[in-house]
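**Q** Let me begin by handing over the structure; questions about it come next.
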Amino acid sequence: MIISVASGKGGTGKTTVAVSLALSISNAKILDCDVEEPNAHIFIKPEIRIKKPVFIPVPEVDKSKCNFCGRCSQVCVYKAIAVLKKDILIFKELCHGCGACSYLCPQGAIKEVDREIGVVEIGRKGNNSISSFDSAQDSHTASLQFVHGKLNIGEAMAPPLIRVVKESIDKNMVNIIDAPPGTSSPVIESVKGSDFCILVTEPTPFGLNDLILAVEVLRKLNLPFGVVINRSGLGDNKTDKYCKKENISILMRIPFRKEIALAYSRGISMVEALPEYRKDFQKLFERIKDRKFS
Amino acid sequence: MKVCITSQGDKLDSAIDPRFGRCQYFIIADTESEDFEAVPNPNMDSMGGAGIQSGQFISEKEIKAVLTGNVGPNAYQTLNAAGVLVITGVSGRVRDAIQKYKNGEFKSTDGPSVGSKFGTA
């Protein structure tokens, strides 16, 4: 099973929900796909066992074979190649690695070389937790599997790295994907293929505005989804009204509480700081699994 | 000799467009005959790489110098490789910029004047 956690607006509580959910159920694997700014590791404190660099293929031109015909530049959707009268320039940071230029070069002057864009790290939750939470739990929380991607600084190409993070999805486990904020291609790459998507929002005008955008994206992708309202009690009831009007289930409400924010600021997950919420996340999981939302 | 001025309109009285890669028009003017051609910029709404594509476009036109407000790093690199002089910090009307260029009032720049994505709306 694959459950993704997305939001539209940033800072609504995707990681809070994804981490707390993963720590509340058994047989879970968390995949942090927010490769531009991963932060689930702060709360999971994983022991990393495997680190592997991720590459995309980029063109390299043999200028002795190139006759500057311009075909590669014409076929490059990402505008990563400039062909001048007697020179050719490759802008590698714009290249998505599609391979069209080398495939279609009439002179056979272009070959592909690897360019590192980031790293994927794989591990599991360590036993270095601050609270006594682990000892009070079933042994399963200590075996939470962890994967994330870290895009190199200055790099703009998140989707290829997200795809490699998602290669670690284990069909026999509950895979929880912490998606990036927004509604653009990194989000789509992260959530696609999920069995269910949790949209985390907050009852503020910004939260609602971006929730509506995220809902439009998920409906286009035909993904089943429901809403978790974080910081419930803050703001107004317009999010509730919107969900009712659109027939969207509100799966859970997380109250606007200082203790939750305090734990977050110290890098402690919500359910480790406030274990009483663990049953709410278990209930959230059961509702998603059974698709009983009313 | 031909120069290219980035312009907000298609006339010599139009205002200079401060962006290079995403300018509205390229005005390509002959400094001797005073003939000119206004070409709508095909890269104005490009998703990315507008500066590179505009630079390549300029390189195909036998242009000696580009007069504009700002160029980014990729556009600068392309124009520089194509041997086109880049003059930044130009503002006002296109006609006046051409005159100032003819009077030798401008100096070409030896690097980009703004960072990536500067002209993105």
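**Q** Evaluate the following for A:GLY207: is it in contact with a Lys or Arg (Cβ under 6 Å, 6 or more places away or on another chain), assigned by TED's automatic domain parsing to the domain that holds A:THR12, touching a residue at least 24 places away in the same chain (Cβ under 8 Å) and among the small types (Gly, Ala, Ser)?
**A** Spelling it out, A:GLY207 is indeed in contact with a Lys or Arg (Cβ under 6 Å, 6 or more places away or on another chain), assigned by TED's automatic domain parsing to the domain that holds A:THR12, touching a residue at least 24 places away in the same chain (Cβ under 8 Å) and among the small types (Gly, Ala, Ser).
**Q** Would you confirm whether or not region B:44-65 contains a residue that is away from every other protein chain (no Cβ under 14 Å), in contact with an Asp or Glu (Cβ under 9 Å, 6 or more places away or on another chain) and surrounded by fewer than 24 Cβ atoms within 10 Å (Cβ to Cβ)?
**A** No.
**Q** Inside region A:191-241, can you point out the residues that are on the phi > 0 side of the Ramachandran plot and surrounded by fewer than 17 Cβ atoms within 10 Å (Cβ to Cβ)?
**A** Residues satisfying the conditions are A:GLY193, A:ASN222, A:GLY233.
**Q** Within the bounds of region A:217-231, is there any residue that is in contact with a Pro (Cβ under 8 Å, 6 or more places away or on another chain), under 22 Å from A:GLN282 (Cα atoms) and not in a helix (DSSP H, G or I)? Walk me through how you get there before you give the answer.
**A** So the first thing to find is which residues in region A:217-231 are in contact with a Pro (Cβ under 8 Å, 6 or more places away or on another chain), and the list is A:229, A:231.
Next, only the ones that are under 22 Å from A:GLN282 (Cα atoms) stay: A:229, A:231.
Now drop any that are not not in a helix (DSSP H, G or I), which leaves A:229, A:231.
Yes, because at least one residue in region A:217-231 is in contact with a Pro (Cβ under 8 Å, 6 or more places away or on another chain), under 22 Å from A:GLN282 (Cα atoms) and not in a helix (DSSP H, G or I).
**Q** Which of (1) assigned to a loop (DSSP other than H, G, I, E, B); (2) within 21 Å of the chain's Cα centre (by Cα); (3) farther than 23 Å from A:ARG291 by Cβ is the odd one out, the single condition A:TYR264 does not satisfy?
**A** Failed condition: (1).
**Q** Oh, and also: Could you tell me which numbered condition A:ARG287 fails, if it satisfies all but one of (1) closer than 18 Å to A:PHE43 by Cβ; (2) within 23 Å of the chain's Cα centre (by Cα)?
**A** Unmet condition: (1).
**Q** Name the residues in region A:167-190 that are assigned to a loop (DSSP other than H, G, I, E, B), buried (at least 21 other Cβ atoms within 10 Å of the Cβ) and either outside the structural domain of A:ALA22 (by TED's automatic domain parsing) or small (Gly, Ala, Ser) (or both), would you?
**A** If the condition is that a residue be assigned to a loop (DSSP other than H, G, I, E, B), buried (at least 21 other Cβ atoms within 10 Å of the Cβ) and either outside the structural domain of A:ALA22 (by TED's automatic domain parsing) or small (Gly, Ala, Ser) (or both), then A:ALA179 is the only one that fits.
**Q** Taking region A:88-100 as the search range and keeping residues that are more than 20 Å from A:GLU116 (Cβ to Cβ) and touching a strand residue (DSSP E or B) at 6+ places or on another chain (Cβ under 6 Å), which one is nearest to the other protein chains (Cβ to nearest Cβ)? Reasoning before the result, please.
**A** Let us first name the residues in region A:88-100 that are more than 20 Å from A:GLU116 (Cβ to Cβ), namely A:88-89, A:100.
The next check asks that each one be touching a strand residue (DSSP E or B) at 6+ places or on another chain (Cβ under 6 Å); those that pass are A:88-89.
Details: A:ILE88: 9, A:LEU89: 6 Å.
Ranking the qualifying residues of region A:88-100, first place goes to A:LEU89.
**Q** Checking B:VAL71 against (1) under 15 Å from B:ARG19 (Cα atoms); (2) at the interface with another protein chain (Cβ under 9 Å from one of its Cβ atoms), only one condition comes out false. Which one?
**A** (2)
**Q** So, in region A:65-87, exactly how many residues are facing chain B (nearest Cβ under 9 Å), hydrophobic (A, V, I, L, M, F, W, C) and crowded, with 21+ Cβ neighbours inside 10 Å?
**A** 6
**Q** Considering only residues that are closer than 11 Å to A:GLY226 by Cα and either assigned to a helix (DSSP H, G or I) or modelled with pLDDT of 95 or more (or both), which ones fall in region A:277-294?
**A** A:LEU284, A:ARG287, A:ILE288
**Q** Being more than 13 Å from the chain's Cα centre (by Cα) and not assigned by TED's automatic domain parsing to the domain that holds A:PRO255 is true for just one of A:ILE25, A:ILE50. Which residue is that?
**A** A:ILE50
**Q** Still on this structure: So A:SER102 passes all but one of these: (1) at pLDDT 95 or above; (2) touching a Cys at 6+ places or on another chain (Cβ under 7 Å). Which condition number does it fail?
**A** (2)
The values are calculated or read from the model by the stated rules, or taken from the named source; none is laboratory data. Small disclaimer: the values here were computed from a predicted structure and weren't measured. Note that each Cβ is placed from the backbone with ideal geometry, even for glycine, and that neighbours are counted across all protein chains shown.
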